[in-house]
Amino acid sequence: MKEHHGVKGSGKDPAATDRERAKAQRREDLLAEATRLFAIHGYSGVSLEDLGAACGISGPAVYRHFSGKPAVLTALLVGVSQDLLDGGEQVAKTGGNAEQALKALIAFHVDFALAKPDIIQVQDRNLETLPAAELQLVRKLQRAYIALWTEQLHRIHPQETPAVIRFRAHAAFGLLNSTAHSAHSPRTSKAGLRKLLNQMAASALFTPVG
C-alpha cells in the first residue's frame, strides 16, 4: 500500500494556506506603503496605481485586496484605533496602582508615536474623510482608549471634574502625537526623545492644578 505523508485529516490544502499567507502579507504591504505615501503626498495625491507600483503590482491588482482607495484609508484608521485600544487594555491589565498604570500607558503611547509617526499624520489630515459609519467606529474606539487614561486620572485627581480630566488626557495626546512632525528628522535622538516625552507627559498628567 502506498504510504501517504503529511497531516492526516487536517483538511487543509498546504498550497491554499500558502496562498492565504501570501495574500495577507500583500495586504499588509499595501497598508504599510499607503501609510507612507499618504503621509508624504496626502490622501488625495496618491492613486491606486501609485500604491500598486510601490508594492510591485498593477493598480487593478490592488482591487484583489481593497474595494477602492476609501477602503484602504478605512483599514488604516480603524486598524490603528483598534490596535491602540487593544494595546492600551493589555497595559492597563498589568496591575499596580493608578500612578503605575498611567505611567505604563504613557510609555505605551510614546512608543507608538515614535514608531508610527506616518499613521498619526494620516489620521490628523484625513479622519473626517472616512464614511460616516466608519468614522463613528473610529470615534467609538478612540473614546474607549481615552477612557483607559481618564479612569486612572480620576483615581489620581479625585477632586477634578470629568471635563478637566478629559482635557488632561487630550492635552497629553496632543503633546505625544506632535512627535509625528519631528520624529523623521535625522537630528532627533529617539532615545532622548522617548525619555523627554515620558517626563513631559507625566508632568502634565500628575501635577495638581491649583
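The values are calculated or read from the model by the stated rules, or taken from the named source; none is laboratory data. The shown structure was predicted, so the numbers you read here are calculated from the model rather than taken from an experiment. Counting neighbours? That spans all protein chains shown, and the Cβs are built from the backbone with ideal geometry, glycine included. Remember, those area values only see protein heavy atoms, side chains included, never the ligands or the DNA or RNA. Shrake-Rupley method; radii C 1.70, N 1.55, O 1.52, S 1.80 Å.
Remarks
- Residue match in region 52-65 (condition: farther than 17 Å from R26 by Cβ, at pLDDT 95 or above and surrounded by fewer than 16 Cβ atoms within 10 Å (Cβ to Cβ)): no
- Filter result for S185 (part of a helix (DSSP H, G or I) and modelled with pLDDT under 95): no
- Only residues that are touching a helix residue (DSSP H, G or I) at 6+ places or on another chain (Cβ under 7 Å) and either open to solvent by 30 Å² or more (accessible area, probe 1.4 Å) or at pLDDT below 95 (or both) were counted across region 136-145, and they come to 3.
- Here D29 meets the list (1) without any contact (Cβ under 8 Å) to a residue 24 or more places away in the chain; (2) in contact with a Cys (Cβ under 6 Å, 6 or more places away or on another chain) almost entirely, failing just condition (1).
- Lone qualifier among A34, A101, A24 - being aliphatic (A, V, I, L, M), open to solvent by less than 80 Å² (accessible area, probe 1.4 Å), modelled with pLDDT of 95 or more and farther than 30 Å from H154 by Cβ: A34
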